[in-house]
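The values are calculated or read from the model by the stated rules, or taken from the named source; none is laboratory data. Remember, predicted model here, so these are calculated numbers, not experimental data. Cβ placement follows ideal geometry from the backbone for every residue including glycine, while neighbour counts extend to all protein chains displayed.
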Amino acid sequence: MADSIISYRVKRFRPSRGEADYLNPTTKDMEKTMKRICLFMMILVLLPALALAETMVPGPHPKPLPSPKGMRMPAQRDMPSYTFTKEPTAIITNYYDYMIGSYNGLPLRVIPDAAGGGYFMSYHGRRQANSTRRVFYAYINHDDQGVLSVINNNEITSVQNHEGYCTTAVDPVSGKPFYAWHCNKDTDAENEVEVASDAFMAGISGLFNIQVAIDNPITITSPSGVTTENNEFIWPTAQIGPSPVAGKRRVYLATRNYVTGTHGPSENLMIAYTDFDGIDIETNVPLTWNHVTIPEMNQWNVDAQWRRPFHSLTTDNAGNIYYAGYHFATESDGSTNIREADIDVFVCPNYGQGEWTRISDYSWIPSWNPPGQQGSNNGYFVDENSIGYPDSVLVWAIANSSHLNASLDNLGRIHVLGIWTQSTKDGIYWPRFQVIKEFVFDPATQEFTVKDVFPQKHPDDTFNPCFVPWDMEAPWGTPEYFQADDGNYYLTVAAAGGGHPGLKWPFPHWDKTAHGELMFFHYNNVKITDANDKGMMAAVWQDSQRARWFNADSDTDYAAFANTPEIFIAVSQDNGITWSEPIILNNVETPQFSGIKPMWVYPADKVLFVGMQGEHKVGKLGFMFYNDFTWGSNAITPSYHNTPDGGEVMFMELEIVFPVGSTDGENTAPAIIRMLHQNYPNPFNPETTIGFDLPKSSHANLSVYNVKGQLVKTITDGNLEFGKHSFVWNGTDNDGRNVSSGIYFYRLTANGNVETKKMMLMK
């Protein structure tokens with residue numbers, strides 16, 4: 001199986017499959033019966049919020065294949081048991097226009113037990129359909145009878161200035177909250193970022209200390225000296241960490257740049273920070289805000305290329321600041337994708353006052369293209385000419401994950417949950433094939449790994465580096481087919497119990513016709529908690545696949561799920577080393593959700609450890625989400641429901657018994673520094689092309705060896721720049737003599753890694 005990328009120029013041709021020849025049936029090609037259609041997504045900039053939508057282009061995709069119905073993939077891990085310690089409870093009736101909480105943070109935060117326990121939360125919305133959007137808070141704790149109840153809940157401000165996208169942080173010492181949001185409170189066109197510190201506890205009326213932390217517009221100067229004006233920093237994310245000032249803590253507000261423009265300039269970052277203690281909040285001491293930007297991202301802001309980052313802020317106890325996530329890059333036309341390392345961690349030591357360093361790598365996980373039908377030499381995934389892509393241009397890559405957040409485990413590692421989709425690195429992707437993974441960054445080694453969260457590949461699968469929906473049953477590496485009513489055999493893309501292509505497709509809006517392509521393709525509210533002191537974590541996302549099967553695919557077996565998104569909750573008891581099968585909550589199989597349509601789910605920032613049940617850790621986890629009454633309160637007005645009638649902001653809490661995980665790393669994909677491509681053509685005569693990608697500039701040695709391990713040819717040995725490289729080997733040795741037919745190995749040594757692949761010369 002080819003495991004990386006070759007030049008896009010060869011994608012129109014079907015190469016010899018070399019090592020993977022055995023994957024393809026050799027029987028006579030059968031007549032194609034599947035029509036290929038192209039889905040082109042229009043990028044609609046309706047709101048600043050929706051400007052976060054991806055620009056990857058959906059690839060040509062066959063029609064949904066018939067398959068057995070009514071079953072999900074069998075579990076590969078233990079599913080946690082759980083009980084409701086607080087059933088879904090309405091906080092407020094609400095009319096909203098997009099999301100209800102933070103873009104890249106968690107608006108629901110745990111209050112330390114020493115400060116009284118419970119939760120603080122923030123959200124935005126409108127009390128009436130025609131009112132101005134406001135920011136609200138809520139304090140949730142046990143009442144006099146010990147019942148978890150909303151103690152206080154109201155607007156933070158009395159001024160209606162279109163507030164939104166609020167975030168929350170809680171002081172770990174005093175237990176007092178900070179709320180931050182953006183709004184337009186003055187006469188210019190740009191939004192400001194406001195912050196409120198709040199002194200209330202246990203239902204005592206609060207004393208809000210509201211300040212402007214970032215006053216737009218802002219002028220930014222790049223390292224090259226180019227200046228941009230009217231930069232508007234919005235979508236704040238709040239984090240609290242240690243401070244270099246004795247007795248203080250430091251609160252950080254990370255904000256993203258939004259400048260009107262279809263494909264530029266690139267978005268960059270601003271962080272506002274200040275030092276405080278509990279007394280400062282109690283006495284409403286004015287806070288002094290400092291501001292920093294990341295020079296490399298400032299340069300992005302003025303480059304001709306367009307880069308859009310999706311990152312979030314987290315901090316550790318040593319004063320390091322991490323801005324972690326991913327980005328995509330295109331030329332200035334917004335459609336020509338740039339191949340470059342796409343997952344990033346920006347690190348700043350010394351409490352945000354040091355220099356920023358970017359560590360980056362590729363999110364790509366090798367994939368492969370099974371035949372479109374039994375006996376076919378054409379792949380299932382095809383280009384605009386209906387020619388199957390070669391294995392070497394297909395990957396799983398992170399996409400559609402704009403609303404991610406970054407978390408920290410007890411091992412000092414950074415976790416970012418996201419959606420990986422079947423893609424080419426040139427920006428073509430197949431939205432039916434999306435799965436939940438995370439990348440983990442270890443600051444100690446500066447290494448990235450990508451882990452399956454859900455679905456997870458079978459532990460016996462040694463063929464695929466991660467979950468592959470068209471190859472879930474033995475023999476591994478051999479696609480399965482089924483015979484359809486038309487007599488032809490088609491690829492079973494959802495094996496092991498059946499189901500539709502895509503198997504698990506996380507998106508909140510089930511009706512493509514009503515909600516348009518934009519909302520159809522862009523669900524991205526995947527969230528992950530920090531680890532508590534026991535190493536317990538939770539990953540939370542939404543899934544509406546079964547609803548889609550009924551509404552879009554007209555599959556009556558799923559009629560009961562026509563009006564239900566599902567909340568998925570996977571947990572880890574070992575700092576994310578292993579993940580459980582997810583808990584699934586919906587209004588069909590979960591009595592507590594009867595009549596509820598859960599949308600935009602946010603977990604609390606931590607699991608609360610409550611004790612042990614045998615060898616199992618037990619914890620409580622709070623959730624904030626939205627119950628949309630009729631799918632009428634979203635950014636795009638549905639054609640069938642022009643008058644939004646709102647919904648409810650909801651809170652719930654689960655007590656979860658965590659499964660005991662293993663530490664064998666079976667759900668971890670190989671290290672993702674995959675530089676070396678499969679040669680093309682293979683087999684070859686008289687010459688072949690060998691390509692590789694360098695994630696950073698380095699010394700690189702590419703050499704050819706025979707089956708005895710003897711050096712045959714040194715193709716290149718020297719310093720090379722970051723990016724894509726290719727070399728031609730003409731079948732000669734270092735003395736210029738032609739070598740004989742047979743198997744040869746080519747080896748790349750670069751960036752401290754060694755990769756080897758085999759090829760065949762046939763004369």
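Quick grid of which residues meet (1) in contact (Cβ under 8 Å) with a residue 40 or more places away in the chain; (2) assigned to a loop (DSSP other than H, G, I, E, B); (3) small (Gly, Ala, Ser):
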{"site": "Tyr82", "(1), (2), (3)": "yes, no, no"}
{"site": "Glu87", "(1), (2), (3)": "yes, no, no"}
{"site": "Thr93", "(1), (2), (3)": "yes, no, no"}
{"site": "Ile100", "(1), (2), (3)": "yes, yes, no"}
{"site": "Asn104", "(1), (2), (3)": "yes, yes, no"}
{"site": "Gly117", "(1), (2), (3)": "no, yes, yes"}
{"site": "Ala129", "(1), (2), (3)": "yes, yes, yes"}
{"site": "Asp144", "(1), (2), (3)": "no, yes, no"}
{"site": "Ile151", "(1), (2), (3)": "yes, no, no"}
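Among the residues here, Ile365 does not qualify as modelled with pLDDT of 95 or more, crowded, with 20+ Cβ neighbours inside 10 Å and aliphatic (A, V, I, L, M). Thr187 falls short on exactly one of the conditions (1) part of a loop (DSSP other than H, G, I, E, B); (2) buried (at least 16 other Cβ atoms within 10 Å of the Cβ); (3) among the β-branched types (Val, Ile, Thr), and that condition is (2).
For the range 682-697, residues that are part of a loop (DSSP other than H, G, I, E, B) and under 17 Å from Asp391 (Cα atoms) total 2. Of the strands (runs of 3 or more DSSP E) entirely within the range 698-763, those holding at least 2 residues that are touching a residue at least 40 places away in the same chain (Cβ under 8 Å) occupy 698-705, 723-729, 742-750, 753-761.
Just to check your reading of the model, which residue among Asn290, Asn298 is in contact (Cβ under 8 Å) with a residue 12 or more places away in the chain, surrounded by fewer than 17 Cβ atoms within 10 Å (Cβ to Cβ) and on the phi < 0 side of the Ramachandran plot? Before you say what the answer is, go through the steps one by one.
Values: Asn298 fails: surrounded by fewer than 17 Cβ atoms within 10 Å (Cβ to Cβ).
Every option except Asn290 fails the conditions.
The listed residues are Asp460, Asp426, and the only one of them that is surrounded by fewer than 22 Cβ atoms within 10 Å (Cβ to Cβ), at pLDDT below 80 and either farther than 30 Å from Asn532 by Cα or assigned by TED's automatic domain parsing to the domain that holds Ile359 (or both) turns out to be Asp460. Residue-level check: of (1) surrounded by fewer than 21 Cβ atoms within 10 Å (Cβ to Cβ); (2) touching a Gly at 6+ places or on another chain (Cβ under 8 Å); (3) within 27 Å of Asp409 (Cα to Cα), Ile584 misses just (2). Does Val251 count as surrounded by 22 or more Cβ atoms within 10 Å (Cβ to Cβ), farther than 22 Å from Asn184 by Cα, out of contact with any His (no Cβ under 7 Å at 6 or more places or on another chain) and at pLDDT 95 or above? So Val251 fits the description; yes.
Tell me, yes or no, whether the range 169-188 has at least one residue that is within 23 Å of Glu87 (Cα to Cα) and assigned by TED's automatic domain parsing to the domain that holds Leu108.
Taking the range 169-188 as the starting set, the residues that turn out to be within 23 Å of Glu87 (Cα to Cα) are none.
Within the range 169-188, not a single residue is within 23 Å of Glu87 (Cα to Cα) and assigned by TED's automatic domain parsing to the domain that holds Leu108.
Test Ala272 against the stated conditions and say whether it is closer than 17 Å to Trp356 by Cβ, outside any helix (DSSP H, G or I) and either touching a His at 6+ places or on another chain (Cβ under 6 Å) or outside the structural domain of Ala180 (by TED's automatic domain parsing) (or both). Yes: the conditions hold for Ala272.
Restrict the check to the range 378-393 and report whether at least one residue is within 20 Å of Gln545 (Cα to Cα) and touching a residue at least 12 places away in the same chain (Cβ under 8 Å).
No: the range 378-393 contains no residue that is within 20 Å of Gln545 (Cα to Cα) and touching a residue at least 12 places away in the same chain (Cβ under 8 Å).
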